[in-house]
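What follows is a single structure, written as structure tokens, with notes after it.
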Amino acid sequence: MTIEADKRMNAERTIAPGSTIGILGGGQLGRMMALAGSAMGYRFVALDPTPDGPCGQVSEQIVAAYDDREAARELAKRADVITYEFENVDAGVAAMLMAESYVPQGSELLYTTQHRLREKRAIEAAGVQVAPYSEIRSAEELRAAAERFGLPCVLKTATGGYDGKGQWVIRSFEEIDEAYETLNRSGAELVLEQFIRFEKELSVIAARSPQGEIKAFPAAENIHIDNILHLSIVPARISNEVQREAEKLAMRIAEGLGVVGLIAVELFLTTDGELYVNELAPRPHNSGHYTMEACRTSQFEQHVRAVCNLPLGDTSLLTPVVMVNVLGQHVEPLLARVQEHDDAAERLNVAPKLHLYGKKDAVHKRKMGHMNVLADNVEAALQWIEETTIWKV
């Protein structure tokens with residue numbers, strides 16, 4: 001069978017409710033995917049090395065390492081379709097499963113997004129701009145590129161890294177050697193990016209089905225603390241023109257990369273209105289959690305619809321919302337608060353919706369859950385978050 005014939009066959013293949021969806025990965029994204037899909041009638045089985053993990057609490061689970069090929073084959077036997085909940089899944093396992101099961105997302109997108117250089121080249125090929133960058137193979141190359149881009153600039157490992165890990169913001173030329181030696185010890189290739197002086201960080205979640213239907217959710221305005229997402233504000237405090245352009249770029253990337261399922265597109269908005277893509281994630285994304293109550297279709301239901309080749313759901317925003325992440329240090333005061341009458345919520349006319357992920361230990365700075373604060377306007381939601389004092393830095 002030719003590649004084109006295989007694509008046509010998969011475009012016609014629909015996985016109906018009642019079928020079993022296999023998930024490579026069993027964290028909170030898999031958990032919320034399983035909860036959304038279960039309401040539609042799907043069954044789920046996850047492969048994850050952590051016993052009784054977040055997804056395993058609401059679905060069947062195969063406890064094994066992600067690169068365990070026999071466990072992956074067992075997942076294939078028990079599932080009608082396989083998806084993944086994070087991009088650091090072994091691409092070789094995903095490729096093997098493509099030969100033995102149905103993985104509509106394929107392995108090519110994983111291969112691309114697991115490597116920053118490949119990802120940037122793919123974004124550019126889709127006609128979307130990224131921050132100027134350079135592959136770095138030595139301290140001398142790093143110094144030359146830093147002189148070309150100017151300071152500050154950001155050195156990153158091409159593979160691995162999340163929530164700010166695997167990165168070094170170079171603010172002086174005296175740091176060059178130490179930055180190179182530190183990140184080079186990882187054994188990963190390195191890439192230097194020009195520092196974009198942005199006004200806002202945005203993200204857009206887009207979905208694409210095997211048939212080529214594409215829809216985007218409203219852009220979120222994101223605020224990070226210590227490189228960890230703190231708030232997603234929707235509607236983003238940007239012009240309608242920028243909103244439309246951000247959504248258009250995300251859909252262009254989804255089309256250009258042949259995405260099936262979700263793609264999260266993280267963007268920098270500069271003071272002169274330029275948009276630069278920072279990173280991609282081919283899965284549900286933390287900054288899309290606001291969709292769970294605030295949109296007609298959540299990102300998790302949309303992902304299930306896309307990989308199962310169902311018609312995509314309406315992405316319209318029903319209410320302004322602010323998503324705030326719940327880290328380990330927030331759990332105890334938050335649990336105490338939700339057990340009491342919330343006068344501030346009544347006064348501000350907001351509805352805080354709590355989502356905890358079922359993780360065993362509340363570790364400092366570890367994502368344990370999130371809260372969607374629904375409101376008449378985002379200022380009221382931000383005021384409620386401020387008044388709780390739970391998220392005070």
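The values are calculated or read from the model by the stated rules, or taken from the named source; none is laboratory data. Because the structure is predicted, anything quoted here is derived from the model rather than measured. Cβ coordinates were reconstructed from backbone atoms using ideal geometry, including for glycine residues, and neighbour counts include every protein chain displayed. We work out accessible area using only protein heavy atoms, side chains counted, and drop any ligands, DNA or RNA first. Shrake-Rupley method; radii C 1.70, N 1.55, O 1.52, S 1.80 Å.
Observations, loosely collected:
- In segment 195-309, a dipole from Cβ-located charges (positive for Lys and Arg, negative for Asp and Glu) runs towards its positive end, and of Asn286, Ile253, Ala207 it is Ala207 whose Cα lies farthest in that direction.
- Computed FRET value (nearest 0.05) for Asp52 with Asp376, which takes r as the C-beta separation and R₀ as 30 Å: 0.15
- Per residue, in Å², the accessible surface of segment 57-125 once ligands and nucleic acids are set aside, probe 1.4 Å: 43 Å²
- Accessible area per residue for segment 299-393, computed on protein heavy atoms with a 1.4 Å probe, is 46 Å².
- Inter-label distance for Asn88 and Arg143, nm, one decimal - labels placed 7 Å from Cα along Cα-to-Cβ: 3.3 nm
- Here the chain is treated with +1 on each Lys and Arg Cβ and -1 on each Asp and Glu Cβ, and its dipole about the Cα centre works out to around 700 debye.
- Which listed pairs, of Lys165/Lys359; Lys200/Lys365; Lys77/Lys248; Lys77/Lys215; Lys248/Lys367; Lys200/Lys367, have C-alpha distances above 28 Å, in listed order: Lys77/Lys248; Lys77/Lys215; Lys248/Lys367
- Expressed as a whole percent, the accessible area of segment 345-393 that falls on carbon and sulfur atoms is 48 (1.4 Å probe).
- The charge dipole of segment 249-333, taken about its Cα centre with unit charges on the Cβ atoms of Lys, Arg (+1), Asp and Glu (-1) only, comes to about 280 debye.
- Of all accessible heavy-atom area on segment 176-275, the percent that carbon and sulfur account for (1.4 Å): 41 percent
- Dipole magnitude of segment 180-291, debye to nearest 20 (Cβ charges: Lys/Arg +1, Asp/Glu -1, about Cα centre): 360 debye
- Its Cα gyration tensor gives the chain an equivalent ellipsoid, and the semi-axes of that ellipsoid, as √(5λ) in whole Å with the largest first, are 30, 29, 21.
- Simple label model, 7 Å out from Cα along Cβ direction - Tyr102 to Val169, nm: 4.7 nm
- Relative contact order for the chain, counting Cα pairs under 8 Å that sit 6 or more residues apart, in percent: 14 percent
- Gyration tensor (alpha-carbon) shape descriptor, segment 276-375, a/c threshold 1.5: oblate
- Enclosing the Cα atoms of segment 53-151 in their convex hull gives a volume equal to 163 cubic angstrom per residue.
- When only Cα pairs below 8 angstrom with a gap of at least 6 residues are kept, segment 46-190 shows a relative contact order of 15 percent.
- Spin-label model, Arg73/Thr14: points 7 Å from Cα along the beta carbon direction are separated by 3.4 nm.
- Of the trypsin sites (Lys or Arg not before Pro) found in segment 196-229, the ones in coil according to DSSP and having at most 12 other Cβ atoms within 10 Å of their Cβ are Arg197.
- Computed from backbone phi with θ = phi - 60° and the Karplus coefficients 6.51, -1.76 and 1.60, the 3J(HN,Hα) list for segment 329-344 is 6, 8, 4, 4, x, 5, 5, 5, 5, 5, 8, 10, 5, 9, 5, 5 Hz; x is used for glycine and proline.
- For the peptides 342-348, 369-375, residues were scored by their other Cβ atoms within 10 Å and the scores averaged per peptide; the highest-first order is 369-375, 342-348.
- Rounded, prolate or oblate (a/c below 1.5 giving rounded, otherwise prolate when a/b exceeds b/c) for segment 120-248 by Cα gyration tensor: prolate
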